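Values quoted throughout were computed directly from the atomic coordinates according to the rules given, and no laboratory measurement underlies them. Everything numeric here is computed off the predicted structure, so don't read it as measured data. In this analysis, Cβ positions are derived from the backbone assuming ideal geometry, glycine residues included, and neighbour counts consider all displayed protein chains.
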Amino acid sequence: MMQVARSTLWLAFFAAILASWVVMYTQSIGMGLDLLGRPGPIAEAMRNMDPNMDMAMPMAEFGPLWTMWAIMMAAMMLPTLVPTLRAYEDLMTSAGATRAGWAGVVVGYFAVWVGFAGLIAVAQLALLHAGFVDMLGIARSPLLAGLLLIAVGLFQFSRTKEICHGVCHSPAMYFVTRWKAGAAGGLRMGAGLGAFCVGCCWGFMVLGFVGGVMNLAWMGLATLFMIIEKLPQVGHHVTRPMGVVLTLSGIVLIGWTTATGG
């Protein structure tokens, strides 16, 4: 019976991830984008639409935009939770962890990311109406894209990144030091882990404005990196090299823009 409950929860978890990617793919194709986020004729026309025009445009409205970001958070961040959930399962015999608590961890974690989705949706609308990004969430200025790359790259070297990544990288230690039993306890611990994870990974969400928030290739690469960053054996070895790559990419982009007058 316990094995059936375990299998059911894991299947539901992975089904939610798969469904999120299917929805994002469907939305991207429906908007006329390819997997690299490159716009076709329809999407190109959408990019140049005025967000202040008196017509229904979901990418210029908070509700649909928040929903899109929330689904994106499920697609990108739930896969990175797998090592954490495995660590929680290891405590089921020694600390009285339960399947209800396991589910609570997932719900609490995702609730924090849904909240972050609302914040970044507000940020995207502000950038859109200020003319800094287009309707697809792509930075209109290479200078802005370069600055975002540099900012996220430098953050990889910060003390905040180190602390937050330390928690995400060693979830078992987090559970041991902040243990709460039951479903409510799992919910609280999941929310705490979600807060640290937002502190660790917010920059990769912001980088969506560099290549477009509907760029599935960026989503896939960012998800893969964040999974690797949380692996116990290699996580600490990839954070700063990625910071170097992002910072240099930003510098090169700004330098190229300045040299070409773009």
**Message:** For Ile251, project a label point 7 Å along Cα to C-beta. Then give me every residue of region 127-159 with its amide nitrogen under 12 Å of that point.
**Reply:** 150, 154
**Asked** So if R0 is 30 Å, what FRET efficiency would Val107 and His129 give, r being the distance between their Cβ atoms, rounded to the nearest 0.05?
**Response** 0.35
**Complete:** Checked against the positive end of the charge dipole of the chain (+1 on Cβ of Lys and Arg, -1 on Cβ of Asp and Glu, about the Cα centre), the farthest of Met189, Gly108, Tyr25 is Met189
**Ordering of 116-122, 132-138 by packing [mean C-beta count within 10 Å, highest first]** = 132-138, 116-122
**Request:** Tell me what the chain gives for mean residue ellipticity at 222 nm when only DSSP H runs of n ≥ 4 count, each as -39,500 (n - 2.57), the sum divided by the residue total, rounded to 500 deg cm²/dmol.
**Result:** -24500 deg cm²/dmol
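Can you compute the FRET efficiency between Leu143 and Thr93 using 1/(1 + (r/R0)^6), with r the Cβ-Cβ distance and R0 = 51 Å? Round to the nearest 0.05.
On the way: r = 55 Å, r/R0 = 1.08.
Calculated value: 0.40.
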**Asked** Within the chain, which complete DSSP H helices have Cα atoms spanning at least 30 Å along the helix axis and a mean Kyte-Doolittle hydropathy of -1.0 or higher?
**Response** 2-30, 99-129, 182-206, 235-260
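Looking at the calculated P(r) for region 2-260, what percent of the C-alpha pair distances fall above 27 Å? Let's see the in-between values first.
On the way: 13465 of 33411 pairs.
Result: 40 percent of Cα pairs exceed 27 Å.
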